[in-house]
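**Q** Structure in structure tokens, see below.
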Amino acid sequence: MNIFAQALDYAASNPDKLISALWQHLLLVAVPLAIGLGLGLPLGFLSSRSRTASTLLTNSFNALRVIPSLAILFVAIPYFGLSFQSAAIALTILVIPPILISTDVAFRNIDPAILEAAKGMGMSPQQVLRQVEIPLALPVVIAGIKTALVEAIASATLAAFIGAGGLGSFIVLGFSLYDNAILLVGAIPVALLALIAEVSLSALQRVLQPPTVKA
């Protein structure tokens, strides 16, 4: 039997397990991404306003980014055990840098002439921020969020190594049983989720792109 047919047959025979794993996987992505947005966006904005803050924050989070997620996962285990919390911490550390850095770059690279023109029209600093800076920065910020989301979807499979569930549990089971069909039951949905995230946020980027710089 074709391996994809075998994978489909296994998924059809275990719908409850697949749905539960999918829900766990989405939760493993959503919680770190929400925390990453809550921290990365304001820190990135602060970084764009201060050269000192930019150097400190970007260097610190880039240093964390070079540490493999699996290593962070195992460092968290002694404190939080084999749990969802350990996986969420590792994934949060993974998603913050691209969000923070893209936000910093987005606001820092806005043409000063545009800001001066807005101020010359009598706009207050708050109006310049809301009506000029944020709309211009959004496409680049979305690019960082897209990178963070795709990385989180892929890396959430590592949670299965500590029993935190997710679609990675099928991948781990497939490896342990030397069964590629079971492995695909986890790998294919992860790939589809990453593709959906990439396509959706790329489309949002194009929508938010200022008309003067659209391709």
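**Q** Please list, by residue number, every one of the chymotrypsin sites (Phe, Trp or Tyr not before Pro) in the range 106-215 that is coil in DSSP and has at most 16 other beta-carbon atoms within 10 Å.
**A** 178
**Q** Next question. Report the Cα centroid-to-centroid distance between the range 1-63 and the range 127-184 in angstrom, as an integer.
**A** Comparing the Cα centres of the range 1-63 and the range 127-184, I get a distance of 4 Å.
**Q** Of all trypsin sites (Lys or Arg not before Pro) in the range 135-215, which ones are in loop regions per DSSP and have a Cβ with at most 12 other Cβ atoms within 10 Å?
**A** Hits after loop and neighbour filter: 214.
**Q** From the residues 178, 101, 48, which one has its Cα farthest along the dipole of the chain in the positive direction, the dipole being from +1 and -1 charges on Cβ of Lys/Arg and Asp/Glu about the Cα centre?
**A** 48
**Q** Rounded to the nearest 20 debye, what is the charge dipole size of the chain about its Cα centre when +1 sits on each Lys and Arg Cβ and -1 on each Asp and Glu Cβ?
**A** For the chain, the charge dipole is close to 580 debye.
**Q** Where does the charge balance sit around residue 129 when Lys and Arg score +1, Asp and Glu -1, over other residues with C-beta under 13 Å from its C-beta?
**A** After counting each charged neighbour, the total is +2.
**Q** Using 0.36 nm per residue, how much length does the chain from residue 46 to residue 126 gain when fully extended, once their Cα-Cα distance is taken away?
**A** 27.3 nm is the gain from fully extending residue 46 to residue 126.
**Q** In what order do 173, 28, 94 fall by count of nearby beta-carbon atoms within 10 Å, going from fewest to most?
**A** Ordered by Cβ neighbours within 10 Å, fewest first: 173, 94, 28.
**Q** Mind listing the long-range amide H neighbours of residue 166? Cut-off is under 5 Å, sequence gap 5 or more, other chains count too, H placed in the peptide plane at 1.01 Å from N.
**A** Amide H to amide H, under 5 Å and 5 or more residues apart or across chains, residue 166 pairs with 24, 25.
**Q** Shifting gears a bit: Quick one: order 65, 49 by neighbouring beta-carbon count within 10 Å, fewest to most.
**A** 49, 65
**Q** Starting from the Kirkwood radius over alpha-carbon pairs of the chain, derive D by Stokes-Einstein at 10 °C in a medium of 1.306 mPa s and give it in µm² s⁻¹.
**A** It diffuses with D of about 83 µm²/s by this estimate.
Here, each number is a calculation from the coordinates, and none is a lab measurement. As the structure is a computational prediction, the values presented were derived from the model and not from experiment. Here the Cβ is made from the backbone with ideal geometry for all residues, glycine too, and neighbour counts use every protein chain on show.
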